[in-house]
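> First, the structure itself, so that you have it in front of you.
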Amino acid sequence: MKKKSVRFAGLLVILVLSLSAFAGQVLETQAQHDARMQWWREARFGLFIHWGLYAIPAGEWGGKTNYGEWIRNNAEIPLPTYDKFAAQFNPVEFDASAWVRMAKEAGMKYIVITSKHHDGFAIFDSKVSDFDVMATPFRRDILKELAAACRKEGIRLCFYHSIMDWHHPDYLPRRPWEVRDRPEAGADFERYVGYMKAQLKELLTDYGELGVLWFDGEWESTWTEARGRDLYGYVRSLQPKIIINNRVGASRTGMEGFSADKASAGDFGTPEQTIPATGVPGLDWETCMTMNDNWGYNKNDQAWKTSRDLIQKLADIASKGGNFLLNIGPDAQGELPAESLKRLAEIGSWMQINGEAIYKTRPVAPYKEAKTCFTRLADGTVYAIYLADEDETRPPASLMIFSQKPKPGTKIEMLGVKGTLLWEAVGQGMLIHLPAAAVKNPPCRYAWAFKISVPAR
Ligand code: H79
């Protein structure tokens, strides 16, 4: 080999080695991948919105009250019966600006809303489907209004889109209980994929720049990793900077939400209703979770998590390097449940004071001490977040931190409290002393954060 071509081959090897693990058919370097993921990694906290026709029955059918967005399947509602909800959908109280402002005030940086859930109903104006919001008395493109409001408030708009579709005649397989009413004969899954792509093209071209495309319902037999790879490439071809979850492919291992291997399609793992025991170095992930027991609106579901629990979950997730996508299920009038609003407001007040310990942070190994979790910034600043017990309305007067080797000149502050705190070295740890005023009158409830600035050597 001539000298020049040796150098070229070397460059090629370096280039191939720096390609990110998976990027569908879209090749990108690790640096390009990191740049694309940056806003999402910094955001840490987003709002999930499950809204569709299922808000009308509000969880009730045939005397049972435990249904949600799966109601058509779980209550085995025949398609013609379910279709009638479209004629009733008229959420006149819907106020896109109010929803977006509420998310922003809660400290959320992005919104993921169901453009289409498993029931197949599109809450936007879809030219390729008659089962959409334009077939309802409401006749307003909900996503258009949200896109405008998000642009105004600086919130990233993202769409959830279900691969599984219980409405489209070409989707396969049928629900086991409906094969007699809706025979599979004549259905063509390939044609369904064409339909789904056409609808995605509307979503990817008519609503401005999107943050994330969040697929779901990928686990049925018809969906394959190869189809996922193709869909990933298709979506990226329409919006090169978009981020796509791992449910675009068929490699999710279960509700823990991680893909079987790094070569699988998708940019981040999707634990559902669960928080991983530890972070996963080198893997991006987002825990999605409900505030009660349902994603879609259920008027009888009062199993609300406490604000304290939700705030501590957010801190725990951030300390493990994940994002928190917290759900709300608006009702059929377009009203948000008061219990959800109350919690979002409490999280918002906490984030006002403690947000700097959450946004843009990365984990600190070994992640956690008994009641304290840790985050850090790129500049070396460490945050210790002390999680209060239910009956603990005030922070402890002193707090032992083992994760930090005590270094002279270390400066410690309590977020929301003026001035620096006294600390002393005790063995391999630091004992932080809180001012009496901060113990008596803490700046916030449920969790207290401490900023630890270690001097540069
Ligand atoms: O949209 C919300 C729910 O309606 C939807 N995902 C959230 C974000 C959801 N669909 N199904 N489930 C939640 C639970 C389904 C679990 C299972 Fe499976 C599907 C069990 C078996 C197939 C997931 C995939 C766990 C194993 C494989």
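Read the figures in this text as sums done on the coordinates, not as results from a lab. Small disclaimer: the values here were computed from a predicted structure and weren't measured. All Cβ positions, even for glycine, are placed from backbone atoms using ideal geometry, and neighbour counts span all protein chains on display.
> Over the Cα atoms of the stretch 119-190, what is the Rg over Rh ratio if Rh follows Kirkwood?
On the way: Rg = 15.8 Å, Rh = 14.3 Å.
Looking at the stretch 119-190, the ratio lands at 1.10.
> Give me the distance in nm between label points sitting 7 Å out from Cα along the Cα-to-Cβ direction at K418 and T205, one decimal.
Rounded to a tenth, the inter-label distance reads 5.8 nm.
> Continuing with this model, one more query. So what's the net charge close to M289: Lys and Arg +1, Asp and Glu -1, counting the other residues with Cβ under 9 Å from its Cβ? Please list the in-between numbers first.
Working: positive: K305, K313; negative: E272.
Taking every other residue near M289 into account, the sum is +1.
> Let me ask something additional. When ranked by the protection proxy of mean other Cβ atoms within 10 Å per residue, highest first, what sequence do the peptides 431-441, 247-257, 315-325 form? Numbers along the way, then the final one.
Values: 431-441: 15.1, 247-257: 20.5, 315-325: 24.0.
For the peptides 431-441, 247-257, 315-325, the packing ranking is 315-325, 247-257, 431-441.
> What is the distance in Å between the Cα centroid of the stretch 40-97 and that of the stretch 409-452?
45 Å
> Filter the GluC sites (Glu not before Pro) in the stretch 140-229 to those in DSSP coil with at most 15 other Cβ atoms within 10 Å of their Cβ, and list the result. All intermediate terms of the calculation are to be shown ahead of the outcome.
On the way: sites: E145, E153, E178, E184, E190, E202, E209, E218, E220, E225; in loops: E184, E209, E218, E220.
Hits after loop and neighbour filter: E184, E209, E220.
> If you count the DSSP beta bridges with both ends in the chain, what percent of them are antiparallel, to the nearest 5?
Details: 33 of 63 bridges.
Expressed as a percentage, antiparallel bridges in the chain total about 50.
> Figure the gain on full extension for L238 and Q30 (residue separation times 0.36 nm, minus the Cα-Cα span) and round it to one decimal in nm.
On the way: separation 208, 0.36 × 208 = 74.88 nm, distance 2.08 nm.
Using 0.36 nm per residue and subtracting the Cα-Cα distance, I get 72.8 nm.
> Kindly give the semi-axes, whole Å and largest first, of the ellipsoid equivalent to the chain, taking each as the square root of 5 times a Cα gyration tensor eigenvalue. Mind showing how you got there, number by number?
Values: eigenvalues 335, 183, 65 Å².
For the chain, the semi-axes come out at 41, 30, 18 Å.
> Taking R0 as 22 Å, what FRET efficiency do you get between E390 and E356 from their Cβ-Cβ distance, rounded to the nearest 0.05?
Values: r = 26 Å, r/R0 = 1.17.
Working from the Cβ atoms, E equals 0.30.
> To the nearest 0.05, what FRET efficiency results for T81 and Q333 with a Förster distance of 22 Å applied to their C-beta separation? Each step should come with its number before you reach the end.
Details: r = 22 Å, r/R0 = 0.99.
With R0 = 22 Å, the Cβ-Cβ based efficiency is 0.50.
> Please compute the Kirkwood hydrodynamic radius of the stretch 347-451 from all pairs of different C-alpha atoms, in Å with one decimal.
On the way: mean 1/r = 0.0718 Å⁻¹.
The answer is 13.9 Å.
> Report the rotationally averaged projected area of the stretch 266-412 based on its alpha-carbon convex hull, in square nanometres.
Details: hull surface 43.2 nm².
So the Cα hull casts an average projection of 10.8 nm².
> For the stretch 257-283, list residues with backbone N below 20 Å from a point placed 7 Å from the Cα of D293 toward its Cβ?
Residues passing the 20 Å test: 272-275.
> Modelled label-to-label distance, L283 and M37, 7 Å Cα→beta-carbon offset: nm?
1.2 nm
> Another question, then. Excluding A250 itself, what net charge comes from residues whose Cβ is under 11 Å from its Cβ, given Lys and Arg +1 and Asp and Glu -1?
Working: positive: R227, R229, R247, R252; negative: E218, E220, E225.
Around A250, the charge tally is +1.
> Distance between Cα centroids, the stretch 104-144 to the stretch 254-273: provide it in whole Å.
Result: 25 Å between the Cα centres.
> Relative contact order for the stretch 268-357: what percent, with Cα pairs under 8 Å and sequence separation of 6 or more? Before the final figure, lay out the partial values.
Values: 109 pairs, mean separation 25.4, N = 90.
Reported relative contact order: 28 percent.
> Here's another thing I want to ask about it. Ranked from highest to lowest mean number of other Cβ atoms within 10 Å per residue, what is the order of the peptides 137-144, 307-314, 376-383? Present the calculation step by step, with values, prior to reporting the outcome.
On the way: 137-144: 18.0, 307-314: 20.2, 376-383: 15.1.
Result, highest mean first: 307-314, 137-144, 376-383.
> As a test of the formula, what do you get for the chain when each DSSP H run with n ≥ 4 contributes -39,500 (n - 2.57) and the sum is divided by the residue count, at 222 nm and rounded to the nearest 500 deg cm²/dmol? Working shown, then result.
On the way: 11 runs with 126 residues, N = 457.
Computed mean residue ellipticity for the chain: -8500 deg cm²/dmol.
> R0 = 41 Å: FRET efficiency of A263 with A436, Cβ-based, nearest 0.05?
Numbers: r = 56 Å, r/R0 = 1.37.
The formula returns an efficiency of 0.15 here.
> Ok, one more. For the stretch 268-347, what is the convex hull (Cα atoms) projected area averaged across all directions, in square nanometres?
On the way: hull surface 21.5 nm².
The directionally averaged projection comes out at 5.4 nm².
> Normalised by the residues of the stretch 47-178, what does the relative contact order come to in percent, with Cα pairs under 8 Å and at least six apart?
On the way: 192 pairs, mean separation 35.3, N = 132.
Over the stretch 47-178, the number comes to 27 percent.
> Moving to a separate point now. Take every Cα pair under 8 Å in the chain that's 6+ residues apart, average their separations, divide by the length, and report that relative contact order as a whole percent. Display every interim value, and only then the final one.
Values: 918 pairs, mean separation 71.3, N = 457.
This gives 16 percent for the chain.
> Okay, next question. Does anything in the stretch 132-154 have its amide N under 20 Å from the 7 Å Cα→Cβ label point of E105, and if so which residues?
146-154
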